Amino acid sequence: MTPGSSAEKPAGTASAGPGNSFVWTRRHLLGLEDLSAEELLYIFRTAENLQEISTRSVKKAPALRGRVMVNLFFEDSTRTRMSFTLAAQRLAADVLDFSAARSSVTKGESLRDTVRNIEAMGVDTFIIRHPAAGAPHAVAQYSRCCVINAGDGQHEHPTQGLIDIFTIRERKGRIEGLNVVIVGDIAHSRVARSNFWGLTRLGARVTFVGPTTLVPRAFERLGARISHDLDEALKDADVVNMLRIQRERMTSQEFPSTEEYVRLFGLTRERLARAKPDILVMHPGPINRGVELASDVADGPNSSILRQVSNGLAIRMAVLFLVNQANSQDGAGPPG
Amino acid sequence: MRKPDILIRGGRIIDPACGRDAVGDVLLAGGKVARIGEGLPAGDAEVVDAAGCIVCPGLIDIHVHLREPGDETEETIASGSAAAVAGGFTSVACMPNTRPALDDETGIEFVYQQAARGALCHVFPVGAVTKGREGRELAEIGQMVRAGAVAFSDDGRGVENTAVMFKALQYAAMFDKPVLQHCEDPHIAGGGVMNSGVTAVRLGLPGASPIAEELMIQRDLTLVRELGARYHVCHISTARGVELVRRAKADGLPVTTEVCPHHLLLTEEACGTYDTNYKMSPPLRSRADVEACLQGVVDGTIDCLVTDHAPHGLQEKELEFLDAPFGIIGLECALPLYVKALIEPGLMDWPGMLKRLTVSPARVLSLAKGTLAEGADADVTIIDPQARWTIDVRRFRSKSRNCPYDGWKVTGRAVMTIVSGQVRYRLEGW
């Protein structure tokens, strides 16, 4: 053991193209930082193949029949949970829900005990949403189940990142060379981080835009561009992803007022009119209409917001399918 | 009952207090150092063959947490002192952030009573600066001094209110006692759980800026300049903090400081796997900060090497990084870690390093210890500087296991620890 070194999986782009020989081996999806370009593209191909299921009149395929997925949610998120539940059901898996306020868990049962208890019932996959960064990583270390990070604190939200990138690719036909502008509270955003890693890995250029108080300069050292002028950043943008601005950031004095935020960083029709005509407008939801995003922009022709939601299903089906397949190849679970 | 005499024969005697570094014999009698010389006659004394070993004044750690009263499942004065002697320490100063805080005469007396009942080394209590360590009203510093408090600190947090800190320094100076400050501006640190920087941004963890340390040191130095009161910076961790202390010393201010092994060996990247054994306050910093701390030890800006031994139960350290408590234990592995940080890279020699573990910390707390001069207390540590061993937390005498060095291969080890003329620790096979 050496001090100060954290062992990282090799992350660079794979030398071979995404050929048919590729084999998915991860039984967890904890973040996009570690994923290679090949792995990202493999998830997208799998999602494309699975999209067809949702067009059938009987929207089910038996790929995960007999498998049990557990939504382990320590933070409210009705939409993410619904999306994972529906994705699991389309693959014929059984779904359990566990939700707890974090305070009661901290005081009572530890995360480890919760996981061990549920695991003892014979489940296969934990889908974890937790307010503390790193919580799914801890579970992955001591559980024999698959672990999917459904958002951990301010760290990552890998499936949302995949959804956004998949949607961009679908609309633009590529990722490489695109200018993607992500606007808002970058410091506290797991969506921003997951988008950043995945987009950068696939060759896009990412610019973070927001007030200095919410955009850590350290991102520059990781390869992002930083701007505090939305109009300037939009000039050569192919995609603009607007993050939800949390009201509590105002009480902590990270910007003086919502009005000022809207004036400086809100995406209005006037602003959009000066951008490229085919700019793609995204938002991971839920939207604060009239704050980060004007209503007419959210519902306008450039918006891909609802497409993001429907793609969410295919991406989550793909991820559930791949990690479970990897786990059964390890011999840790029953064959599919 | 008269304690048996001990003759430590043929070791390399290093006593930085009087500049001694020579092979010879040390005779301990009546709990004191009786004679130093060559070829001393054994007489009735038990003879310890220290050939190839270093014989030095007992090591002193002026920054430990012994958790008693309040958290005896994590550590007690007895278990913490057992860990201390196993690491070669004969004296420790324990911080007052217990439950309740050591903020009055009774608390200080309690530590001495518990130490008398079961401690294997000397335990010197540090009293709280303010009542309940709440930073508002001065604690009964004078009465704690009479009960034996050696210094004052609200460690775990700094005294945030400038007026309160001004009065604390002014008042403690009446008794010629130093204030030991945990330097961290809480508003700027802002709930950070690791150093702010690229790694924190990657991990999505709130960062504590190094300027939180710098700001409080800077403010306190202004007060010290005005008052001339003794002031000690606890567990320094930043390059700018070290530079501030260096300049204050050059200006002749009565300022001292200390550093922990982890701020000499580890950087913020170690937090990359969310392992809570790398969560401490102050947090692990950048490589540049580590280099500056090492330089500070070498040039004497940093007076003392300490552990900030901070025991926590497994169930607490198993919490998420965001929620787990700060701190790691260090008494039983500190010595070889200092060796790894300072001696192995050739930054220092043994006398220089041992100075910062003996006479320097004794001076900071005005303890009549830290030397092997004839007539001094017979607190002696015998060190095998060549001993290679693997740190194994399961074998620790501490009640806690929160230590990131488990499994490290290290060199240098205390093989015998003598406190007031009595052998309190002897390494197996020795």
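Throughout, read-outs are computed from the coordinates displayed, never taken from laboratory work. Being a predicted model, the structure only gives us computed values, none of them experimental. Note that each Cβ is placed from the backbone with ideal geometry, even for glycine, and that neighbours are counted across all protein chains shown.
Quick rundown of the values:
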quantity	calculated
Derived scalar couplings ³J(HN,Hα) [region B:117-126; Karplus, 6.51 cos²θ - 1.76 cosθ + 1.60; whole Hz; x for Gly, Pro]	6, x, 8, 8, 9, 6, 10, 10, x, 9
Sparse-neighbour loop sites [trypsin sites (Lys or Arg not before Pro); region A:207-297; at most 15 other C-beta within 10 Å; DSSP]	A:217, A:235, A:247, A:274
Value of Rg to Rh for region B:286-377 (Rh from inverse mean 1/r over Cα pairs, i.e. Kirkwood)	1.06
Kirkwood hydrodynamic radius of region B:1-159, from inverse mean 1/r over distinct Cα pairs, in Å	17.4 Å
Dipole axis of region B:113-170 (+1 Lys, Arg; -1 Asp, Glu on Cβ), positive-most option in B:130, B:164, B:141	B:141
DSSP beta bridges in region B:58-364 [antiparallel fraction, %, rounded to 5]	5 percent
Ascending count of other beta-carbon atoms within 10 Å, so fewest first, for A:188, B:65	A:188, B:65
Cα centroid separation, region A:296-326 to region B:1-49 (Å)	77 Å
Sequence-separation-based contact order of region A:158-303, relative, with Cα cut under 8 Å and 6+ spacing, percent	24 percent
Within the protein assembly as shown, percent of DSSP bridges classed antiparallel, to nearest 5	35 percent
Per-residue [θ]222 nm for the protein assembly as shown (sum of -39500 (n - 2.57) over DSSP H runs n ≥ 4, rounded to 500)	-9500 deg cm²/dmol
Calculated SAXS-style log₁₀ I(q)/I(0) at q = 0.06 Å⁻¹ - the protein assembly as shown, Debye, Cα scatterers	-0.45
Fewest-first ranking of A:228, B:262, using other Cβ atoms within 10 Å as the exposure measure	A:228, B:262
Relative contact order (percent, whole number), chain A, Cα cutoff 8 Å, 6+ residue spacing	19 percent
Shape of chain B, Cα gyration tensor, a/c cut at 1.5	prolate
Inter-chain Cβ neighbour average for residues B:312-322, partner chain, 10 Å	5
Equivalent-ellipsoid semi-axes of chain A, from the Cα gyration tensor, Å, largest first	32, 23, 20
Average other protein chain Cβ within 10 Å of Cβ, residues B:201-211	6
Range in chain B, longest, excluding exposed trypsin sites (Lys or Arg not before Pro) [loop by DSSP; at most 14 other beta-carbon atoms within 10 Å]	B:137-430
Hits among lysines - C-alpha to C-alpha of residue A:276 under 17 Å, sequence gap 8 or more where chains match	A:172, A:235
Folded to 0 to 90 degrees: helix B:162-173 orientation relative to chain B principal axis, Cα	20 degrees
Cα gyration tensor, region A:158-303 - rounded (a/c under 1.5), prolate or oblate	oblate
Length released on extending from residue A:59 to residue A:89, taking residue separation times 0.36 nm less the Cα-Cα span	9.9 nm
Three-way shape label, region A:59-179, alpha-carbon gyration tensor, a/c 1.5	oblate
Residues A:41, B:59 arranged by fewest to most Cβ contacts within 10 Å	A:41, B:59
Estimated vicinal HN-Hα couplings, Hz - region A:216-228 in sequence order (Karplus 6.51, -1.76, 1.60; Gly, Pro = x)	x, 4, 4, 4, 4, 5, 8, x, 8, 9, 10, 9, 10
Integer Hz, Karplus 6.51/-1.76/1.60 couplings in order for region A:30-36, x for Gly and Pro	9, x, 8, 4, 8, 7, 7
Low-density loop cleavage sites - GluC sites (Glu not before Pro) in region A:66-169, where at most 14 other Cβ are within 10 Å (DSSP)	A:109
Region B:58-364, relative contact order in percent, only Cα pairs under 8 angstrom and at least six apart counted	16 percent
Chain B: angle of helix B:287-299 to the longest principal axis, Cα-based, in degrees nearest 10	40 degrees
